[in-house]
Amino acid sequence: MRVVVQRVSKASVTIDGKLKSEIGLGLLVLLGIEEADGEEDVEWLCSKLSKLRIFSDENDVMNLDINQVEGSFLVVSQFTLHALTKKGNRPSFIRAARPEQAIPLYERFVQRIHEVSGREVLTGEFGAMMDVALVNDGPVTILMDSKHKE
């Protein structure tokens, strides 16, 4: 399971010209699920994300987590995070999980991040063509992969 986490001052998802979700201060989480992912990956990532100290304190030091700043999560599925680009110029997505596996894990991730953080969690729509808008605060962008925990 791979995520791109962006600290945002605001972010939104629009589908077919209609606003689906919108947050203010918080974390935009682009979530990629691969065939090898399971519950252990959900648990590890949700635990890390809920405690990730990337919000600035009164001294402008990244020292606060999402709960301390009363932020929200916006979780957007993005299978392209598992693109293989070694050969040729057209990415391969063969490692990305098929919808029958990915949808339940995506839904579990959304549920679990709310459970462990206690924060509001909004989403995009799995499989939809989405316009994702954000104001990256910092900018702060972090990559995390549950298969590379070191």
> Which lysines have a Cα less than 16 Å from the Cα of LYS149, not counting those fewer than 8 places away in the same chain?
Replying inline: LYS48, LYS51
> In the chain, what percentage of the DSSP-assigned beta bridges are antiparallel, given to the nearest 5?
Replying inline: 75
>> Net charge around ARG98, counting only other residues with Cβ within less than 13 Å of its Cβ (Lys, Arg = +1; Asp, Glu = -1)?
In response: -3
> What full-extension length gain, to one decimal in nm, is calculated for ILE94 and LYS10 as 0.36 nm per residue of separation minus the Cα-Cα distance?
Replying inline: 27.0 nm
> Once the Cα atoms of helix 39-51 and of the chain are each reduced to a long axis, what angle between those two axes, in degrees from 0 to 90 to the nearest 10, is obtained?
Replying inline: 20
> Just from its helices, what would the mean residue ellipticity at 222 nm be for the chain, if runs of 4 or more DSSP H residues each count -39500 (n - 2.57) and the sum is divided by every residue, rounded to the nearest 500 deg cm²/dmol?
Replying inline: -7000 deg cm²/dmol
>> In whole Hz and in residue order, list the ³J(HN,Hα) couplings for segment 9-19 that follow from phi through the Karplus curve 6.51 cos²θ - 1.76 cosθ + 1.60, θ = phi - 60°; x for Gly and Pro.
In response: 8, 6, 7, 8, 10, 10, 10, 6, x, 10, 5
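Coordinate-derived values only; no laboratory data. Because the structure is a prediction, the values reported are computed rather than measured. Backbone-built Cβ (ideal geometry, glycine too); neighbour counts: all protein chains shown.
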